[in-house]
Amino acid sequence: MYGFEALTFNIHGGYLEAIVRGHRAGLLTTADYNNLCQCENLDDIKMHLSATKYGSYLQNGVSLYLLRVDLSLLGYLFFSRSLPCLRSEYLLKGRMYGFEALTFNIHGGYLEAIVRGHRAGLLTTADYNNLCQCENLDDIKMHLSATKYGSYLQNEPSPLHTTTIVEKCTLKLVDDYKHMLCQATEPMSTFLEYIRYGHMIDNVVLIVTGTLHERDVQELIEKCHPLVMFDSIATLAVAQNMRELYRLVLVDTPLAPYFSECLTSEDLDDMNIEIMRNTLYKAYFEDFYKFCQVRGVMEKYPPYQAIFSKMSYGESQMLDKAFYEEEVRRLCLAFEQQFHYGVFFAYMRLREQEIRNLMWISECVAQNQKSRIHDSVVYMF
């Protein structure tokens with residue numbers, strides 16, 4: 001409004017400005033701090049603060065941190081007294097454009113602190129350099145014992161196998177995820193559920209494809225990602241076509257809405273299974289897109305052009321690593337800001353990339369191919 005906002009500010013903002021100026025007047029002064037510095041014990045501090053805005057919080061022995069209620073109330077008043085268009089556009093639709101900082105910590109602050117703590121436990125470049133020097137899988141276990149994976153590997157007997165290391169590291173990811181999901185409230189809980197739908201699709205395709213090729217069902221179940229196991233997953237093996245697959249098992253899972261475009265009576269074969277996978281992923285991504293209200297994520301392609309420009313002819317086998325590196329770079333950037341759900345998605349993907357790194361390193365060490373370790377390791381920090 002370039003200076004003219006003062007003409008209409010008090011219509012909707014005058015009341016809140018008066019409140020915050022009143023709060024400002026209640027802040028401690030230099031004289032108050034001088035008196036506090038002379039206190040001999042905490043009871044003296046309480047006695048002095050009883051004459052300030054903190055008095056009502058301390059009179060019954062309540063901790064000082066309850067003053068944060070004032071901030072929560074201020075955020076509530078902002079939204080309750082905002083223009084209707086602000087409430088519907090910013091709050092109800094989730095597009096808050098910066099205002100989320102006022103209320104994010106009420107329900108999301110604890111979990112954001114948790115996920116940032118998990119992020120600090122990801123392996124560093126120094127860790128990977130040490131792992132690359134390992135002579136065998138027991139050396140890898142010894143190094144990982146000093147990381148967050150230590151408690152998951154400590155009881156594993158020698159000789160170790162790569163699959164054991166990957167399985168135990170994945171269990172760490174699953175435990176972190178389940179803890180966050182149990183603590184989450186809406187809409188964060190729904191956001192976290194969306195993160196694992198991709199693994200659910202992969203598990204369904206794995207069971208169906210393996211059954212088609214007469215693999216043992218129990219063996220297939222053991223290879224499924226543990227993040228999305230459900231009781232009736234073994235029943236997938238009896239389905240002969242898409243309709244039966246939906247009716248017998250998937251109707252009671254979150255994937256049910258995504259099957260509307262692939263319900264046919266055709267027998268399941270390799271071609272139909274691949275079509276099913278792509279159709280399910282397409283529906284899943286579109287649904288996740290609508291929930292997050294992401295706009296313009298893929299509208300510009302220069303980053304991808306930059307990736308291809310670095311690839312020489314004959315280096316197509318390194319394309320996957322180039323995309324993983326770009327993904328990791330962007331995921332790390334998610335932690336540079338606060339008050340958003342992107343850090344939860346970023347942590348899950350970074351931990352999955354870390355498990356891929358450990359699997360590759362373990363395989364190279366086990367097969368005496370240490371010269372190839374750096375070919376596929378994607379460094380993070």
Inset, instruction - Answer with yes or no whether Thr190 is assigned to a helix (DSSP H, G or I) and open to solvent by 60 Å² or more (accessible area, probe 1.4 Å). - result: no
Legend entry - Odd one out for Pro303 among (1) touching a helix residue (DSSP H, G or I) at 6+ places or on another chain (Cβ under 7 Å); (2) open to solvent by less than 60 Å² (accessible area, probe 1.4 Å); (3) modelled with pLDDT of 65 or more; (4) not polar (S, T, N, Q): (3)
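Return the residues of segment 121-141 that are assigned to a helix (DSSP H, G or I) and either under 17 Å from Glu352 (Cβ atoms) or among the hydroxyl-bearing types (Ser, Thr, Tyr) (or both); say none if nothing qualifies. Walk me through how you get there before you give the answer.
So in segment 121-141, the residues assigned to a helix (DSSP H, G or I) come out as 125-131, 137-141.
Answer for segment 121-141, where residues must be assigned to a helix (DSSP H, G or I) and either under 17 Å from Glu352 (Cβ atoms) or among the hydroxyl-bearing types (Ser, Thr, Tyr) (or both): Thr125, Asp127, Tyr128.
Residues in segment 341-381 that are part of a loop (DSSP other than H, G, I, E, B) and out of contact with any helix residue (DSSP H, G or I) (no Cβ under 7 Å at 6 or more places or on another chain): how many? Quick ask: steps written out before the conclusion?
Just the residues of segment 341-381 that are part of a loop (DSSP other than H, G, I, E, B), to begin with: 341, 367-369, 376-381.
Pick out the ones that are also out of contact with any helix residue (DSSP H, G or I) (no Cβ under 7 Å at 6 or more places or on another chain) and you get 367-369.
Adding up the residues that qualify gives 3.
Yes or no: His107 in contact with a helix residue (DSSP H, G or I) (Cβ under 6 Å, 6 or more places away or on another chain), in contact (Cβ under 8 Å) with a residue 60 or more places away in the chain and open to solvent by 20 Å² or more (accessible area, probe 1.4 Å)?
Numbers: in contact with a helix residue (DSSP H, G or I) (Cβ under 6 Å, 6 or more places away or on another chain): no; in contact (Cβ under 8 Å) with a residue 60 or more places away in the chain: yes; open to solvent by 20 Å² or more (accessible area, probe 1.4 Å): yes.
Here the answer is no, as His107 does not meet what is asked.
Given the options Leu160, Leu171, name the one that is crowded, with 18+ Cβ neighbours inside 10 Å and more than 27 Å from Gln338 (Cα to Cα). I'd like the intermediate steps shown before the answer.
On the way: Leu171 fails: crowded, with 18+ Cβ neighbours inside 10 Å.
Answer to the selection: Leu160.
The values are calculated or read from the model by the stated rules, or taken from the named source; none is laboratory data. Predicted model only: the values in this text are computed from it and were never measured. Neighbour counts run over all protein chains shown; Cβ positions are idealised from the backbone, glycine included. Accessible surface areas use protein heavy atoms only, side chains included; no ligands, DNA or RNA. Shrake-Rupley method; radii C 1.70, N 1.55, O 1.52, S 1.80 Å.
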